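Chemist: Questions regarding the structure given below will be posed in turn.
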Amino acid sequence: SLLARGAPAAAGLALLLTAPALGLDALFLSVPLLGGALALLRLGAALLLALLVAVLVAPLARSAAATVAPASPPTRPVGSRLLGALRIGFGEVVDHSGPWLLVGLGAAALVEPYLPLDLLTRIPAAAQVPLLALLGVPIYLCATGATPLVAILIHKGISPGAALAFLLTGPAMSISTFATLAALHGRRAAAAFAAAVFALAVALGLGLDATLAPGAGLDLHALGTQAPGRLAAVCVAALAALLAA
């Protein structure tokens, strides 16, 4: 729709990357599970990745004028459009992201007791980053669902840079994204997109590990022992009601 209205290909590519990686739900969940510092680093890295990939891949993107029909301007009243937005936000979005959130929580709950605490620490940090970046592609969890799993993996010994690489490649490199890119810009641009996302995610992960002091990752026990307040209980009840609905 944006391309049909005249937006440049780089803008469309940047939106395609930031939309799945920078949802407010994922960022809000990152603060209690990953800590404020890693949550901010996740935000900054996702923005930087989107900008760099868009600039690198845009020259390979073909014109979308012939493949995207011009979008007609909305004709419904503002109130009707607002109700439609609320229906999508509290209905379709929950239906699409809710199952992935439950999958991520379930995977994290299984990894915690069954993955030995020192197993991942035996892998060199430099190898953890590309390994987790590759692992994020076939596993594909939305940014929200990946957050609890990454928190457990950090607790089990992966470096913050490896966790960051996993969080960047997982939401960005889905089959639907490749299909959209191939249809709009051709397979060459889609392949370049995948290569650029992977290379930059690994580079950002390695750069984070190189700048952090040893052992400056996540203290999951400190975060996990904080007693939840009334607001947390209300939020859990509201989320459960949305998922049930």
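The values are calculated or read from the model by the stated rules, or taken from the named source; none is laboratory data. Everything quoted here is computed from the prediction, not taken from an experiment. Cβ coordinates were reconstructed from backbone atoms using ideal geometry, including for glycine residues, and neighbour counts include every protein chain displayed. Remember, those area values only see protein heavy atoms, side chains included, never the ligands or the DNA or RNA. Shrake-Rupley method; radii C 1.70, N 1.55, O 1.52, S 1.80 Å.
Chemist: On the basis of being out of contact with any Leu (no Cβ under 6 Å at 6 or more places or on another chain) and modelled with pLDDT of 80 or more, does L3 make the cut? Steps first, please.
Modeler: Working: out of contact with any Leu (no Cβ under 6 Å at 6 or more places or on another chain): yes; modelled with pLDDT of 80 or more: no.
No; evaluated as a whole, the condition is false for this residue.
Chemist: Among A162, A179, which is in contact with a Leu (Cβ under 6 Å, 6 or more places away or on another chain) and at pLDDT 80 or above?
Modeler: Details: A179 fails: in contact with a Leu (Cβ under 6 Å, 6 or more places away or on another chain).
Residue meeting the stated conditions: A162.
Chemist: Restrict the check to region 152-162 and report whether at least one residue is open to solvent by less than 30 Å² (accessible area, probe 1.4 Å), touching a residue at least 12 places away in the same chain (Cβ under 8 Å) and among the charged types (D, E, K, R). Talk me through it step by step, then tell me what you get.
Modeler: Keep residues of region 152-162 that are open to solvent by less than 30 Å² (accessible area, probe 1.4 Å), which gives 152-154, 156-162.
Okay, now just the ones that are also touching a residue at least 12 places away in the same chain (Cβ under 8 Å), so 152-154, 156-162.
Within this subset, residues satisfying the condition of being among the charged types (D, E, K, R) are 156.
Checked region 152-162: at least one residue is open to solvent by less than 30 Å² (accessible area, probe 1.4 Å), touching a residue at least 12 places away in the same chain (Cβ under 8 Å) and among the charged types (D, E, K, R).
Chemist: Can you name the residue in region 194-214 that is in contact (Cβ under 8 Å) with a residue 40 or more places away in the chain and β-branched (V, I, T) and is also nearest to L17 (Cα to Cα) among such residues?
Modeler: That would be V197.
Chemist: Can you find, within region 104-139, the residue that is nearest to S174 (Cα to Cα) among those that are in contact with a Gly (Cβ under 6 Å, 6 or more places away or on another chain) and at pLDDT below 85? Explain how you work it out, then say what you get.
Modeler: Looking only at region 104-139, we keep the residues that are in contact with a Gly (Cβ under 6 Å, 6 or more places away or on another chain), and these are 104, 120-121, 129, 136.
The next check asks that each one be at pLDDT below 85; those that pass are 104, 120-121, 136.
Numbers: G104: 16, L120: 26, T121: 28, G136: 10 Å.
Only one residue tops the list, namely G136.
Chemist: While we're here: Against the condition in a helix (DSSP H, G or I), at pLDDT below 80, of a type in the set (A, V, I, L, M, F, W, C) and more than 24 Å from G12 (Cβ to Cβ), how does A216 come out, does it pass? Show your work before the answer.
Modeler: On the way: in a helix (DSSP H, G or I): no; at pLDDT below 80: yes; of a type in the set (A, V, I, L, M, F, W, C): yes; more than 24 Å from G12 (Cβ to Cβ): yes.
No, not satisfied.
Chemist: Could you please give the count of residues in region 140-179 that are assigned to a helix (DSSP H, G or I) and more than 18 Å from A203 (Cα to Cα)? Outline the logic, then answer.
Modeler: As a first pass, look at region 140-179 and keep what is assigned to a helix (DSSP H, G or I): 143-156, 160-172, 175-179.
Narrowing the set further to residues that are more than 18 Å from A203 (Cα to Cα) leaves 143-156, 175-179.
Final tally of qualifying residues: 19.
Chemist: What pairs come up if the first residue lies in region 78-98 and is closer than 15 Å to A143 by Cα and in contact (Cβ under 8 Å) with a residue 12 or more places away in the chain, the second is in a helix (DSSP H, G or I) and open to solvent by 50 Å² or more (accessible area, probe 1.4 Å), and their beta carbons are under 9 Å apart, counting only those six or more places apart or on different chains?
Modeler: V94/L239; V94/L242; V94/L243; S97/D25; G98/L239; G98/L242; G98/L243
Chemist: Hey, another quick one. Listed residues V137, V129, V202; which is more than 18 Å from L34 (Cβ to Cβ), touching a Ser or Thr at 6+ places or on another chain (Cβ under 9 Å) and buried (at least 20 other Cβ atoms within 10 Å of the Cβ)?
Modeler: Details: V137 fails: buried (at least 20 other Cβ atoms within 10 Å of the Cβ); V129 fails: more than 18 Å from L34 (Cβ to Cβ).
None of the other options fit; the residue is V202.
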